[in-house]
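A.B. asks: Before anything else, here's the structure in question.
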Amino acid sequence: MSFEWPWQYNFPPFFTLQPNVDTRQKQLAAWCSLALSYCRHHKLYTLDVMEAQESPVFNNKKIERKLSLEAIQVVFEELRKKGNLEWLDKNKSRCLVMWRRPEEWGKLIYQWVSKNGMVNTVCTLYELSNGDDTEGEEFHGLEEWMLLRSLQALQTEGKAEIITMDDGKGVKFF
Amino acid sequence: MDRFSWSNGLLEINETLVIQQRGVKLYDGDDKAKLDVGVALLSTHRLIWRDLKNHECCIAIPLSQIIFFEEQAAGIGKRSVSASTSLTLDAKIVIHLHPAPANKEPGPYQQSKFSYIKLSFKEHGQIEFFRRLTEEMTQKRWENTPVSQPIPTATGAQAGRTRAVGIVGIERKIEERRKETDKNISEAFEDLSKLMVKAKEMVELSRSIANKIKDKQGDITEDETIRFKSYLLSMGIANPVTRETHGSGTHYHMQLAKQLGDMLQAPLEERGGMMALTEVYCLVNRARGMELLSPEDLVNACKMFESLKLPLRLRVFDSGVMVVQLQSHSEEEMIASALDNVSEKGSLTAEEFAKLLGLSVLLSKERLLLAEKMGHLCRDDSVEGLRFYPNLF
């Protein structure tokens with residue numbers, strides 16, 4: 001299944017930060033959704049700004065346009081405001097992309113747990129992300145930090161508890 | 001030469017020697033005098049000549065008897081019969097004299113057909129001598145301190161034109177030169193005012209031709225009419241509003257604004273309702289011919305459009321560009337036309353748009369920016385330049 005580019009991707013003005021406030025808002029919204037769906041499609045969890053500029057998302061070779069670094073920063077900043085992105089360093093050169101917010105992930109996981117009757121049982125984090133049972137689930141292959149975040153979100157909701165074990169972490173669902 | 005009288009060569013009590021020069025020969029008019037080379041002495045009162053060898057031979061003439069004198073540069077003297085013996089022509093000072101008074105003491109010549117003498121400087125020194133003589137003739141010290149012996153002076157009318165010498169002469173010359181300059185300047189301006197009169201006639205003429213063209217439309221091709229109209233347009237305003245006619249300040253600007261309103265209407269309509277202020281400035285000043293406007297006055301006059309309820313407006317774009325536009329020229333229309341053009345072509349740069357509309361690039365860009373500001377267009381700023389696209393967002 002190849003990634004389906006939005007129509008804006010082939011529209012040259014898309015790659016220029018628009019000075020008009022209204023236009024810019026729409027443009028940024030389009031960029032955010034493109035960036036997130038691209039990351040989701042390719043299961044990307046961290047992004048490097050420099051590398052991102054060369055990646056096909058921000059660099060359309062067909063129409064020879066690429067988004068400038070400043071504009072990428074603006075887009076990322078916009079994503080951060082929406083809670084989909086976290087900077088990994090102060091220089092804002094690397095970031096975590098959460099195309100699903102931890103709460104959403106947590107919800108998905110909890111749904112799966114309750115569906116499979118695993119409430120009140122303990123399972124390891126490895127089981128959740130890489131176990132045979134979760135194959136086919138969206139959170140299969142989820143990076144550990146992301147999984148942890150989601151479980152923490154569930155914990156604050158009172159639906160799970162993270163247990164630290166000798167060889168890693170486990171979780172108990174309620 | 002008959003003006004000279006014998007002298008003992010001694011100076012009087014109040015008389016002082018100014019300069020003396022050796023090797024001076026005297027000429028009676030153009031003829032060499034029958035005297036040898038001697039020393040010329042200039043005192044405050046007299047011009048004295050003494051023979052170099054025979055000191056008893058001394059003659060003098062009061063300075064008051066001199067009418068005027070002039071230098072004769074070496075080599076350009078008339079070669080008279082008597083002078084032909086000398087091979088070189090020395091620099092001379094020619095001194096014109098009043099006729100000798102009746103009571104004159106006897107001198108070497110009883111009579112002479114010349115009224116002037118020449119001093120020929122064999123051993124140079126004529127420049128300094130001339131200068132000192134000029135000084136003495138200006139100061140006229142012989143008048144202030146008369147010598148004990150009354151010096152007979154010629155009181156006859158100073159015939160002919162007196163030649164000014166010395167500081168007075170210089171001053172007089174400066175004065176003359178100033179007058180000359182004055183005259184020249186006023187002449188020059190006379191030409192200008194004549195030109196202005198002619199210009200007015202030309203404007204009248206062009207106007208009458210324009211009217212004829214109107215009457216005879218059809219006889220002349222469209223192309224010619226247009227060309228001629230463009231000539232007329234640059235011919236101008238018959239009686240421009242000037243600071244002279246309308247004072248300064250607000251009133252002047254108001255009048256100016258009214259005149260601008262009249263004259264800019266047609267060109268504005270031709271150009272699609274909008275002109276950059278620089279363009280207006282050129283057009284107006286070309287039409288005014290001599291009475292040029294300052295940019296400041298033009299801006300101030302344009303600012304008056306609104307308060308005077310004229311159909312023109314001065315508009316300042318966000319970029320600072322100022323334009324004059326017709327009031328009827330609505331923004332919405334402008335934006336709509338920009339959007340139409342861009343949609344039709346897919347995308348446009350300011351240059352392309354300018355070509356399409358026959359506008360200046362500056363103005364076309366302003367229009368595109370305006371349309372962008374209103375959210376109808378968006379931009380693509382790449383290495384190929386700034387292009388505008390319909391806003392599809």
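A.B. asks: To make sure I understand the rule: partners must be aspartates and glutamates, Cα under 13 Å from the Cα of A:K169, and not fewer than 8 residues away in the same chain. Which ones qualify?
C.D. replies: Result set, ordered by chain and number: A:E127, A:E144, A:E161.
A.B. asks: Under unit Cβ charges (Lys, Arg +1; Asp, Glu -1), what dipole magnitude, rounded to 20 debye, does the protein assembly as shown have relative to its Cα centre? Don't skip to the end; give the middle numbers.
C.D. replies: Details: 74 positive and 80 negative charges, 603 e Å.
Using Cβ point charges on Lys, Arg, Asp and Glu, the protein assembly as shown gives about 2900 debye.
A.B. asks: For the ranges A:23-31, B:262-270, what's the packing order if you count other beta-carbon atoms within 10 Å of each residue, average per peptide, and put the highest first?
C.D. replies: Numbers: A:23-31: 18.8, B:262-270: 16.0.
In descending order of packing, they fall as A:23-31, B:262-270.
A.B. asks: Around A:V97, with a cut-off of 12 angstrom between Cβ atoms, what is the net charge of the other residues, counting Lys and Arg +1 and Asp and Glu -1?
C.D. replies: Numbers: positive: A:R40, A:K43, A:R80, A:K82, A:R94, A:R100, A:R101; negative: A:D48, A:E86, A:E143.
Local charge sum for A:V97: +4.
A.B. asks: If Lys and Arg each add +1 and Asp and Glu each add -1, what is the summed charge of the other residues whose beta carbon sits under 10 Å from the beta carbon of A:W87?
C.D. replies: +1
A.B. asks: Only counting other Cβ atoms within 10 Å, I'd like A:V122, B:V168, A:V97, B:V342 sorted with the fewest neighbours first.
C.D. replies: Least to most surrounded, the residues fall as B:V168, A:V122, A:V97, B:V342.
A.B. asks: Among B:C378, B:V203, B:L356, which residue has its Cα positioned farthest towards the positive end of the charge dipole of the protein assembly as shown, with +1 placed on the Cβ of Lys and Arg, -1 on the Cβ of Asp and Glu, and the dipole taken about the Cα centre?
C.D. replies: B:V203
A.B. asks: Charges on Cβ only, +1 for Lys and Arg, -1 for Asp and Glu, centred on the Cα centroid of the protein assembly as shown; of A:W87, B:Q65, A:L67, which one is farthest towards the dipole's positive end?
C.D. replies: Farthest towards the positive end: B:Q65.
A.B. asks: Only Lys, Arg, Asp and Glu count, each charged at its Cβ (+1, +1, -1, -1), so figure out the dipole size of chain A about its Cα centre, rounded to 20 debye.
C.D. replies: Numbers: 22 positive and 25 negative charges, 158 e Å.
Rounded to the nearest 20 debye, it is 760 debye.
A.B. asks: OK, next. What ranking do A:H41, B:H376, A:H140 get, fewest neighbouring Cβ atoms within 10 angstrom at the top?
C.D. replies: A:H41, A:H140, B:H376
A.B. asks: Would you kindly give the portion of the calculated P(r) for the range B:330-393 that falls above 13 Å, as a percent of all Cα pairs?
C.D. replies: Cα-Cα pairs of the range B:330-393 separated by over 13 Å account for 55 percent.
A.B. asks: Structure shown: which of A:K26/B:K345; B:K34/B:K113; B:K258/B:K365; A:K107/A:K159; A:K107/A:K172; A:K61/A:K92 lie over 18 Å apart, alpha-carbon to alpha-carbon?
C.D. replies: Violating the 18 Å Cα-Cα cut-off are A:K26/B:K345; B:K258/B:K365; A:K61/A:K92.
A.B. asks: May I ask you to work out the translational diffusion coefficient for chain A at 10 °C, viscosity 1.306 mPa s, via Stokes-Einstein with Rh from the Kirkwood sum over Cα pairs, reported in whole µm²/s?
C.D. replies: Using the Kirkwood radius from Cα pairs, D works out to 90 µm²/s.
A.B. asks: Using θ = phi - 60° and the Karplus form 6.51 cos²θ - 1.76 cosθ + 1.60, what ³J(HN,Hα) does each residue of the range B:19-24 get, whole Hz, x for Gly and Pro?
C.D. replies: 7, 9, 9, 7, x, 10
A.B. asks: Rounded to the nearest 500 deg cm²/dmol, what is the calculated helix-only ellipticity per residue at 222 nm for the protein assembly as shown, with -39500 (n - 2.57) per DSSP H run of length n ≥ 4?
C.D. replies: About -13500 deg cm²/dmol.
A.B. asks: I've got another one for you. Give the cross-link partners of B:K92 among the lysines, using a straight C-alpha distance below 16 Å as the criterion and excluding same-chain residues fewer than 8 apart.
C.D. replies: Result set, ordered by chain and number: B:K25, B:K32, B:K78, B:K118, B:K122.
A.B. asks: Among B:S337, A:S2, B:F317, which residue has its Cα furthest toward the positive end of the charge dipole of the protein assembly as shown, with +1 on Lys/Arg Cβ and -1 on Asp/Glu Cβ?
C.D. replies: Most positive-ward Cα: B:F317.
A.B. asks: Let me ask something else. Tell me, B:R3, B:R141, B:R178, B:R132 in order of fewest to most beta-carbon neighbours within 10 Å?
C.D. replies: B:R178, B:R132, B:R141, B:R3
Since every read-out is calculated from the coordinates, none of them should be taken as a lab result. The structure presented is a predicted model; accordingly, all values stated were derived computationally and were not measured. Here the Cβ is made from the backbone with ideal geometry for all residues, glycine too, and neighbour counts use every protein chain on show.
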